[in-house]
Amino acid sequence: MTLSPEFERQLSGFLRLAGKQAYANISLSDFMAWVRLAVPKLFPTLLRKIPDDPQEINGFLGLVAKSLHADFPLPALGLQAAAQVKPGRNDACDCGSGKKFKHCCGNQTMPPLFGRLNFLRYVLDAYPKSKLANVAASKASIDAVADTAYQWMREGQEVRAAALLEPFFAGGVALRARLAPLFNLLMDVWLNLGRNAKREALIETILQSGDRVLRSDALQRRTTMLADRGDHAAAWQAFKGARDLNPNDPALSFLEVTTLLSEGRTTEAQGRAQWWAAFLGKQRDPALEKLIEALRDIAEDPDSGMIKATKNTNAHWQRLHDLFLAAPVPTERHHFDLFLEKDEAGQTQQVAGAFVPDAKLRKLEAAWRKAFPQIKPNLTGVQHGDDSVWDSAAQWLDLLQANPSLWLSFDVLDDLVMAVDTVHAAGVQERLLLPMAERAVEQLRLTLASADGQPVQCHWVVWENRSALRPLAHLAFICSEAGAHNARKAQRFVELASWLVFELNPGDNHGLRADLSNALVRLARWDDVIALSLRYPGDMQPSLQLNALLAAFALEKSDGIEQDLKQAAKDYPAAMKMLLAAAPKPVKPDSDIGIAIGGKYEAWMYVRAMRPFWEQRHALDWARSVLVTKGKKAKPAAPEQQSLL
């Protein structure tokens, strides 16, 4: 049965107040008196189909009160629902009519008024936060507690949800399988609250003291956490431990598939999804139907299947994805002034001024900024990581649906790319984040194409242009990270970073040039490697100059190469020494706030990434032969700290 929005709104308000009555352990007679007063004022839609007769209404409200009072878990009963006690047939009816029960309510039956509701939630809404710890020692239904915590979490009440769930895992509590729903919810709540240390500690506690089922759940959660960090070897070890403890858990199917996807093993993930769907289908368990459907979707199209699974958990994501698919084709809606400036080489360059939207789009952007929380990253950041932007999603999605031309705004696309980036679910990046960022890139290309097709610089220092550049840099970083196991993304990173570094923003505020140089080496684009080093002579990072030496060696350029190698050894002594060592050892990071320029960790980062390419070209033996000298080398100066801020 579909309820009207008005009915649902009145029902919710009425039940919240009824929950407060239940929290106060109100007697049935007092509750009936309250219902008779409250319903006509708070819930008039409930009475619309009741005959307008005082006796009929009074009898109906008596039945409502008795039914609800029997359903509400009462603190005095350990948060268990009171069983409805019927009077004797010849006793006075407890509705207060004065008639015998057999001639009054005894002749009437009432099905559940509002379906299968979790009445505990409305009672716990009335609890002060300080008293929620008492619930763990009560007789409350675990399923009802879990549902209450889940509703609170979805409504942004994570602190209350944590206060409700944490006592169930306090010291001395028997950690058994019945607590599994609460464990998984608490892990999600702590994730939203950023309490990672607590997550790790609880997993460890359960692994020490929990039963087999709960230990398996803990290891499944650890698998996901390790995979998210990129530690796939440890993730698979945790997965195998979870499988050994509870091999018949259907949840292992989805976990295995998503872990394979996180590692980029798409074909294997599809095969395992197909196998799991067939295996679980043989069990003919209706409770597994949605899981089997999700596995079949992933087997057919992993990215589409994952985003479908994600959308099923959040209606806002589904709606945004649908609106994106229906968005208008990118068209030019911004204008800008062109300036002529000379670069450091004395060459005249065209430089764009601030991008200004047309009047209609500017008006829509003003409305957008009122609906969408304006959270922009500091300095050169490309993401803010603040998922609170989804709290007002209904409002800004309504605006986006009513005004599709907002998709043509740099500022709106920038906001949406960063909003989607906060959604940590498999499939979202491929099916929504990357396409949305690519749309922003295309919007920028169209806008700059109005300058007669000539190259145009677009500097980060122009504040109004950051919304246009940020999605481009964001996309470049994503492609760079994925490029190690995805040739297509590696190539896309080179295209994006080259456009930014060589043309759009030569100041390279996002520090892409070192990663670009390394990527060009992997593709053996030696001339481009040398051109990039010439663009940034004397760069503080070792990548550009050392890679240029490798490129010159690969191209068999003999003029001055040995002198350049000796100069590089002076400019980057730590990197060169580690590069030429027989067996370089890993180095720990310098600090939490920066990397020491010229330090050992910076050297290790280069050597770890690029030494294999020196080895492939047999360039290490050549470099060693050139740099072999007698006598003790001077001790290099202490490295300077470079702040990441």
Exposure ranking of T205, T259 by accessible area [1.4 Å probe, largest first]: T205, T259
Qualifying trypsin sites (Lys or Arg not before Pro) in the range 137-175, DSSP loop, other Cβ atoms within 10 Å at most 10: K139
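For D143 and D91, calculate 0.36 nm times their separation in residues minus their Cα-Cα distance, and state this gained length in nm to one decimal. The partial results should precede the final answer.
Working: separation 52, 0.36 × 52 = 18.72 nm, distance 3.73 nm.
Residue separation times 0.36 nm, minus the Cα-Cα distance, leaves 15.0 nm.
Just to be sure I follow: if Rg is taken over the C-alpha atoms of the range 164-240 and Rh is the Kirkwood radius over the same atoms, what is Rg/Rh? Don't skip to the end; give the middle numbers.
On the way: Rg = 12.0 Å, Rh = 12.6 Å.
My calculation of the ratio gives 0.95.
Residues of the chain: accessible area per residue at 1.4 Å, in Å²? Mind dumping the intermediate values first?
Values: 33430 Å² over 645 residues.
So the chain comes to 52 Å² accessible per residue, rounded to a whole number.
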Hits among aspartates and glutamates - C-alpha to C-alpha of K129 under 15 Å, sequence gap 8 or more where chains match: E158, E166
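Kirkwood Rh over Cα pairs of the chain into Stokes-Einstein at 20 °C, 1.002 mPa s: D in µm²/s? Before the final figure, lay out the partial values.
Working: Rh = 29.9 Å.
So the translational diffusion coefficient is about 72 µm²/s.
Are any of the pairs K342/K376; K566/K600; K20/K139; K20/K41; K557/K588; K131/K198 more than 26 Å apart by Cα-Cα distance, and if so, which? All intermediate terms of the calculation are to be shown ahead of the outcome.
Values: K342/K376 31 Å; K566/K600 19 Å; K20/K139 19 Å; K20/K41 17 Å; K557/K588 36 Å; K131/K198 21 Å.
Correct reply: K342/K376; K557/K588.
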Order of exposure, largest accessible area first, which applies to K198, K20, K376, K360 with probe 1.4 Å: K360, K20, K198, K376
Degrees, to the nearest 10: 302-313 long Cα axis against longest axis of the chain: 40 degrees
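Ignoring ligands, DNA and RNA, what percent of the accessible area of the chain is carbon or sulfur (1.4 Å)? Before the final figure, lay out each step's value.
Numbers: 17300 of 33430 Å².
Answer for the chain is 52 percent, counting heavy atoms of protein chains only.
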Inter-label distance, nm, simple model (7 Å from Cα along the C-beta direction), S209/A327: 5.0 nm
Descending principal axes extents, the range 509-582, alpha-carbon based, whole Å: 29, 25, 24
Residue-wise HN-Hα coupling along the range 343-356, computed from phi with Karplus coefficients 6.51, -1.76, 1.60 (Hz; x: Gly, Pro): 7, 5, 8, x, 8, 7, 10, 7, 10, 7, x, 5, 6, 10
Table column - 3J(HN,Hα) (Hz), the range 490-500, Karplus curve with 6.51, -1.76, 1.60, x for Gly and Pro: 4, 5, 5, 4, 4, 4, 5, 5, 5, 4, 5
In nm, spacing of pseudo-spin labels at L288 and E562 (7 Å Cα→C-beta vector): 7.2 nm
Crossing angle, helix 434-448 versus the chain [Cα axis fit, 0-90 degrees, rounded to tens]: 50 degrees
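Taking the highest mean first, how do the peptides 217-228, 381-392, 336-347 order by number of other beta carbon atoms within 10 angstrom per residue? Walk me through the numbers on the way to the answer.
Values: 217-228: 21.9, 381-392: 15.2, 336-347: 10.2.
Most protected by this proxy first, the peptides run 217-228, 381-392, 336-347.
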Rounded tilt (10° steps) of 232-245 against the dominant C-alpha axis of the chain: 30 degrees
Kirkwood Rh (inverse of mean 1/r, distinct Cα pairs), the range 384-538, angstrom: 16.7 Å
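The values are calculated or read from the model by the stated rules, or taken from the named source; none is laboratory data. Keep in mind that this is a model prediction, so the values were computed, not measured. Virtual Cβ from ideal backbone geometry, glycine too; neighbours counted across all protein chains shown. Protein only, heavy atoms only, side chains kept; ligands, DNA and RNA dropped before computing areas. Shrake-Rupley method; radii C 1.70, N 1.55, O 1.52, S 1.80 Å.
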